[in-house]
Every structure is written in structure tokens, then in C-alpha cells.
2 protein chains.
Amino acid sequence: MKRLLLIEDDEEFASLIHDFLAKRSLHVDICDDPFRALVTPLEPYSLILLDLGLPGMDGLEVCRELRKKSTIPIIISSARNSTADKVTGLQIGADDYLPKPYDPDELYARISSLLRRAHAFVDETPKKSFIVDTKAHDVLFLDHPLFLTEAEFEVASQLIKHNGNVVSKEQLLYDSPAISSMDGKSLEMIISKIRAKIKPYSAQDHIIALRGRGYRLVE
Amino acid sequence: MKRLLLIEDDEEFASLIHDFLAKRSLHVDICDDPFRALVTPLEPYSLILLDLGLPGMDGLEVCRELRKKSTIPIIISSARNSTADKVTGLQIGADDYLPKPYDPDELYARISSLLRRAHAFVDETPKKSFIVDTKAHDVLFLDHPLFLTEAEFEVASQLIKHNGNVVSKEQLLYDSPAISSMDGKSLEMIISKIRAKIKPYSAQDHIIALRGRGYRLVE
DNA sequence: ATTCATTTTAAACCTTTTTTAAAAAAATTT
DNA sequence: AAATTTTTTTAAAAAAGGTTTAAAATGAAT
């Protein structure tokens with residue numbers, strides 16, 4: 001379910017919008033303070049609905065600041081609906097400017113349209129399959145703990161840390177205290193063990209050997 | 001200079017818009033016939049401005065058809081400005097709906113905003129057929145991984161790096177650590193292997209031999 | 001001290017890559 | 001057009017590297 005951030009100080013109106021959009025499968029978080037809005041992490045949100053009539057700070061300024069931080073779609077809604085305001089808002093980085101009062105159906109249509117456009121190209125940040133669980137000294141593959149041993153954990157972490165790039169066997173050994181004493185073949189042994197532990201969760205081999213160069217991890 | 005397609009039958013109004021946007025470095029082509037609009041090639045255009053009040057065909061239908069063909073940004077403008085019309089227009093695939101009459105400044109602001117959003121992700125650079133994938137130590141040909149071996153990879157990278165220029169056999173050997181020990185014959189062997197791996201994806205031979213001088217890669 | 005899990009070593013096995021050699025094809029020269 | 005040279009392909013041997021198995025060594029926990 002998509003999440004939207006509504007920046008609006010009119011509590012009653014905000015809750016109206018919240019309820020209306022909830023019925024259309026959009027979750028709305030409300031923020032009534034522009035300063036707090038600017039320190040809110042935006043990652044969870046697909047779109048921001050920004051009202052210009054905010055206490056303490058000019059709404060256009062809020063928009064400018066948001067745009068500095070992020071390319072997230074922004075729809076301004078405002079009772080100030082002179083052409084000059086609209087033009088400034090759009091120039092500043094807003095994607096749409098909806099004069100108040102508006103029909104919530106139109107709002108929803110505009111949100112949908114903008115999300116469609118904005119997401120058409122968005123590089124859906126694929127969630128990482130491998131996560132290092134430092135506390136547990138383990139690795140999670142698609143949220144499944146692999147129950148790696150110390151040696152396995154060190155090698156796996158190295159591969160994960162290198163983020164898909166090739167890591168030479170030498171480097172793998174050198175950077176892993178627990179196994180630096182090993183000879184070449186032992187490393188391959190460990191790789192084999194790690195593979196075996198991933199296998200139940202994936203048909204694909206995620207540890208790719210590059211002959212003569214080392215190993216690399218693929219998502 | 002960006003080109004826009006204005007689909008509008010009011011000649012006088014269209015020419016007004018044309019002139020106004022020309023001052024802002026946007027070239028507007030005018031089309032007064034919805035049927036002709038639908039057979040016009042859209043590649044030259046960055047955005048379509050569609051008026052709904054067209055003779056012979058429903059404007060919303062035009063929008064629907066355009067959207068079937070292309071993801072080009074579309075702004076509807078119309079004297080029909082009921083919420084229902086707006087919602088339908090946006091639902092159908094339009095990116096914005098601007099009720100007539102409007103201030104041309106607002107039109108320009110909305111065009112800019114939409115172009116900004118729509119082009120934010122567009123890869124302006126003409127895409128190269130051959131891409132070196134350093135992570136995988138492989139080469140992508142039209143996005144297909146070729147699964148090159150180490151020797152093949154080094155030779156292919158050299159050719160790609162030289163960007164279409166001739167590379168002598170000596171240089172190819174010299175600059176590729178992994179194969180510098182080879183004698184003459186092996187290089188030709190490798191070239192042959194690379195060709196074989198490209199073949200499934202292209203009828204053309206992309207590695208051109210220049211007798212006595214070396215090889216060069218063509219897109 | 002014994003047990004158990006983990007790490008290390010060693011060996012056999014399997015695959016892929018590189019090399020070699022030679023024949024076929026193509027281009028250039030005579 | 002024939003001869004010569006260069007390039008391309010084919011096929012097979014040799015080398016290198018990777019994987020897995022099994023067994024021995026280690027070391028911590030009971």
C-alpha cells in the first residue's frame with residue numbers, strides 16, 4: 001500500500017482527506033508542522049501533498065526545501081490560487097497545483113496520474129536479498145537466517161560488503177581474521193558450505209566464481 | 001529546442017499559444033484534426049497539448065488512443081471542466097487537465113513541471129550497444145550478457161575502450177595482461193569466440209578485421 | 001575426558017578455458 | 001585467374017581452476 005505525506009495544519013480537513021484516500025488504498029500520514037515535515041524521512045512516502053497555508057513558515061519555502069532533498073512527487077494545494085502562486089509553486093519543483101476548494105475525486109485522479117508518471121521510470125530500488133546481521137554474526141537471505149559459522153560468516157560478509165564486485169581469494173582470506181591461516185582450498189570449502197546454506201531458499205547460485213579472479217555475490 | 005504537438009481546432013487560439021510558447025523556446029506544431037493527430041509520428045514531440053473540443057471525434061477517445069501508442073506526456077485543456085471530465089481525462093492517461101480559460105503563464109509552468117518530471121528519468125544519451133560490466137567482468141551487448149571468459153573479456157574491453165578505432169593485434173595482446181603470453185594464433189581464436197557469442201543477438205559482424213592492421217569494433 | 005560442531009587438509013572429480021595445429025575461407029597481389 | 005598471404009573456423013589436447021567429498025585436526029562445552 002502506498003503511503004502519502006500530507007502537510008496540512010487544518011486538522012479536520014486533513015482527517016477528511018485521510019479517510020477519503022484510505023478508502024482508495026492510500027495511507028496518509030499527517031504532519032501539521034512545516035519544520036517537522038522537513039526533518040521527516042521521506043523514504044516511506046510515494047508522494048507529498050503540501051498545503052501552502054502553514055503556520056510559521058511559507059509553504060513555498062517548504063516545497064523548495066523538500067525538493068532540495070528529494071525528487072518525490074509533490075502536489076501543492078492551496079487557497080491562494082492566483083496564477084502567480086501557481087506558477088511559482090510549479091517552478092519551485094511542485095508537480096501539480098490544486099486550488100482549494102477541490103473535489104476529493106479530482107485529488108485522487110491527480111495523485112494517481114502523478115504516481116503513474118513518476119513511477120513509470122523509477123528504478124524500483126530492489127530490496128537487498130543479503131543482509132549482514134552483525135549482532136547475531138549471521139547473514140539473512142531474504143529474511144531467512146543462514147546460521148553461518150564464524151568462518152562462513154566472515155567470507156559471506158566480505159562478499160556482501162563488496163556489493164557485487166569481484167573479490168579475489170587472497171583478499172577474502174586476508175580480510176577475514178578467522179580464516180587468514182587457511183590455504184587456498186579451504187576457502188573453496190567454505191564457499192561450498194555457504195552455497196549449501198543458501199540453496200534451500202533459491203534455485204539460483206548466488207556466489208559466482210570468476211575463474212582466476214575470485215568470487216562475487218549476486219542478488 | 002523542444003517540440004510540442006498542439007491538437008486544437010480553434011485556429012486563432014492555437015496560433016496564440018504557438019506564439020506565446022515560441023517566446024519561451026518551445027516549438028509548437030498545430031494539428032486541427034483528431035484523426036490526423038492519431039497517425040502523426042510522435043517521436044519528435046516531448047509533450048502533447050490536447051483540446052477536448054474537437055470535431056468528429058471525442059477528445060477523451062483521442063487521449064486514450066495516444067496513450068495506447070506512447071507514454072508521451074499529455075496535458076488536456078478543455079472548456080468542459082466538470083470534476084467528472086477531469087477525473088476521466090486523468091484516468092485515461094493524461095498527466096494534467098487544465099480548464100479553459102487559462103492563463104498562458106500557468107500553461108507554461110505546467111508544461112515545464114511535467115517535462116521536468118517526465119524527463120527526469122529519461123536516459124538522454126543514445127545508448128551504446130556494447131557495455132562493459134565491470135562488476136560481472138562481462139560485456140553486455142544490447143543488454144544481453146555475453147558470458148565472456150577472462151581472455152575474451154579483456155580483448156572485448158580493449159576494443160570497446162578504443163571506441164571504434166582500429167587496435168593492432170600487438171596492442172590487444174600487450175594491453176591484456178591475462179593473454180599477453182599468447183602467441184599470434186590465440187588472439188584470432190578469441191576474436192572468433194567473441195563473435196560467436198554476439199551472433200545470437202545480431203546478424204551483423206561487429207568485429208571488423210582490417211587486414212594487416214588489427215581489429216575494430218562497430219556498434 | 002568425551003562429545004560435538006567447526007575448521008582444516010587432502011584427494012578425486014569435474015568443468016571451463018586456453019592452447020595448439022591444421023584446414024578452410026577470404027582478401028590481396030601478381 | 002592463379003598464387004600468396006592473412007584471417008577464420010574447426011577440432012582436439014593440455015592446462016588450469018573450481019567443486020565436492022571424506023576424513024583428520026582442532027577446540028569449545030558439557
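Quick note: the coordinates plus some simple rules give every number you see, no bench work behind them. Small disclaimer: the values here were computed from a predicted structure and weren't measured. So basically every Cβ, Gly included, is an ideal-geometry build from the backbone, and we count neighbours across all protein chains shown.
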Handout entry: Backbone HN-Hα couplings from phi across region A:53-58 [Karplus 6.51/-1.76/1.60, Hz, Gly and Pro as x]
Key = x, 10, x, x, 8, 6
Fill in the blank from the handout: Taking only C-alpha positions in region B:1-71, Rg and Dmax in angstrom work out to 11.7, 32
Practice task
List, in order, the whole-Hz ³J(HN,Hα) value for each residue of region B:14-19 obtained from phi through the Karplus relation with A = 6.51, B = -1.76, C = 1.60 and θ = phi - 60°; use x for Gly and Pro.
Solution key: 4, 5, 4, 4, 3, 5
Problem - Longest segment of chain B lacking trypsin sites (Lys or Arg not before Pro) that sit in a DSSP loop with at most 15 other Cβ atoms within 10 Å - result: B:25-126
Problem - DSSP-assigned coil residues among GluC sites (Glu not before Pro) in region B:65-146, each with at most 16 further Cβ atoms within 10 Å - result: B:GLU124
Exercise for the section: Would you mind checking which residues have amide H under 5 Å from A:ASP138's amide H? H placed 1.01 Å from N; only 5 or more apart, or other chain. Expected result: A:ASP133
Practice task
List, in the order given, every pair from A:LYS100/B:LYS86; A:LYS127/A:LYS169; A:LYS68/B:LYS69; B:LYS23/B:LYS100; A:LYS135/B:LYS135; A:LYS68/B:LYS68 whose Cα-Cα distance in the structure shown is over 23 Å.
Solution key: A:LYS127/A:LYS169; A:LYS68/B:LYS69; A:LYS135/B:LYS135; A:LYS68/B:LYS68
Completion exercise
Restricted to chain A, the DSSP antiparallel beta bridge percent, nearest 5, is 40
Handout entry: Whether the protein assembly as shown is rounded, prolate or oblate, judged on the alpha carbon gyration tensor where a/c under 1.5 counts as rounded
Key = oblate
Practice task
For region A:2-121, calculate the relative contact order in percent as a whole number, restricting contacts to Cα pairs under 8 Å that are 6 or more residues apart.
Solution key: 23
Fill in the blank from the handout: Ranked by GNM mean-square fluctuation in chain A (Cα springs under 10 Å), the top entry among A:PRO101, A:PRO73, A:PRO200 is A:PRO200
Exercise for the section: Divide by every residue of the protein assembly as shown the summed helix terms, -39500 (n - 2.57) for each DSSP H run of at least 4, and state the resulting mean residue ellipticity at 222 nm, rounded to the nearest 500 deg cm²/dmol. Expected result: -12500 deg cm²/dmol
Fill in the blank from the handout: Sorted by chain and then number, the residues having a modelled amide H within less than 5 Å of the amide H of B:LYS2, at least 5 places away or on another chain, are B:HIS27
Handout entry: For region B:2-119: rounded, prolate or oblate by the Cα gyration tensor [a/c cutoff 1.5]
Key = rounded
Completion exercise
Sorted largest first, the C-alpha extents of chain B along its principal axes in whole angstrom are 77, 32, 29
Completion exercise
One would report the Cα pair-distance distribution of region A:92-167, bin width 5 Å, in %, as 3, 12, 15, 13, 8, 6, 7, 9, 10, 9, 6, 2, 1
Practice task
Pop the C-beta distance of B:VAL39 and B:ASP10 into the FRET formula with R0 = 25 Å and round what comes out to the nearest 0.05.
Solution key: 0.70
Handout entry: Sparsely packed chymotrypsin sites (Phe, Trp or Tyr not before Pro) within region B:133-162, loop by DSSP, other Cβ within 10 Å at most 14
Key = B:PHE147
Exercise for the section: Using the charge dipole of region A:130-217 (Lys, Arg: +1 at Cβ; Asp, Glu: -1 at Cβ; taken about the Cα centre), state which of A:ASN165, A:GLY212, A:SER202 has its Cα farthest towards the positive end. Expected result: A:GLY212
Completion exercise
One can check that the equivalent ellipsoid of region B:130-217, built from the alpha-carbon gyration tensor with semi-axes equal to the square roots of five times its eigenvalues, has lengths in Å, largest first, of 19, 15, 12
Handout entry: Amide H contacts of A:ILE74 (H built 1.01 Å from N, under 5 Å, at least 5 apart or other chain)
Key = A:ILE48, A:ASP95, A:ASP96
Problem - Residue of A:GLY164, A:GLY93, A:GLY59 that the Gaussian network model of chain A assigns the largest fluctuation, springs spanning Cα pairs under 10 Å - result: A:GLY164
Completion exercise
Note, region A:42-47: 3J(HN,Hα) by Karplus (6.51, -1.76, 1.60, θ = phi - 60°), whole Hz, Gly/Pro = x, goes 8, 3, x, 9, 9, 6
Fill in the blank from the handout: Scoring chain B by relative contact order with C-alpha pairs under 8 Å, at least six apart, yields a percentage of 12
